[in-house]
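Read the structure below first, then the notes.
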Amino acid sequence: FRMPHAMTLTSVRANVNTAPVGSTIIVDINEGGSTILSTKLSIDASEKTSTTAAAAAVISDSALADDGEITIDIDQIGSSTAGKGLKVWLIGTRRI
């Protein structure tokens with residue numbers, strides 16, 4: 001998707017309808033093909049939210065440009081049971 005306006009990103013989070021089993025879900029967020037995270041977003045096995053993850057996501061590029069192309073890459077989905085129904089939230093403030 002494309003950013004509807006410039007934004008200073010303060011937090012990212014994700015949740016699923018079906019929790020992964022066996023291993024974590026790992027998600028990368030990119031702007032213009034380059035990652036904006038130095039530690040990727042994850043949802044631990046048997047959990048439904050990233051807010052309780054053992055390793056919190058770390059934002060390395062918080063300045064998202066107006067009309068910037070954002071892509072969500074799912075790097076891992078679980079092992080025994082895949083997580084399903086992923087939703088990713090970009091939280092921040094609009095830049096003028």
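Worth pointing out:
- Hits in region 48-86 (condition: touching a residue at least 24 places away in the same chain (Cβ under 8 Å) and open to solvent by 70 Å² or more (accessible area, probe 1.4 Å)): Lys48, Thr51, Ser60, Asp66, Asp67, Glu69, Ile74, Asp75, Ile77, Ser79, Ser80, Lys84
- Index of the failed condition, Ser46 passing every other in (1) on the phi > 0 side of the Ramachandran plot; (2) touching a helix residue (DSSP H, G or I) at 6+ places or on another chain (Cβ under 8 Å): (2)
- Test: Ala45 is part of a loop (DSSP other than H, G, I, E, B) and either free of Cβ contacts under 8 Å to residues at least 40 places away in the same chain or among the aliphatic types (A, V, I, L, M) (or both): yes
- Among the residues making up region 6-40, those that are open to solvent by 10 Å² or more (accessible area, probe 1.4 Å), of a type outside the set (D, E, K, R), closer than 13 Å to Gln76 by Cα and assigned to a strand (DSSP E or B) are Val21, Ile26.
- Single unsatisfied condition, Thr93 versus (1) surrounded by 15 or more Cβ atoms within 10 Å (Cβ to Cβ); (2) of a type outside the set (Gly, Ala, Ser); (3) part of a strand (DSSP E or B): (1)
The values are calculated or read from the model by the stated rules, or taken from the named source; none is laboratory data. Predicted model only: the values in this text are computed from it and were never measured. Cβ coordinates were reconstructed from backbone atoms using ideal geometry, including for glycine residues, and neighbour counts include every protein chain displayed. Areas reflect the complete protein model, heavy atoms only, side chains present, ligands, DNA and RNA absent. Shrake-Rupley method; radii C 1.70, N 1.55, O 1.52, S 1.80 Å.
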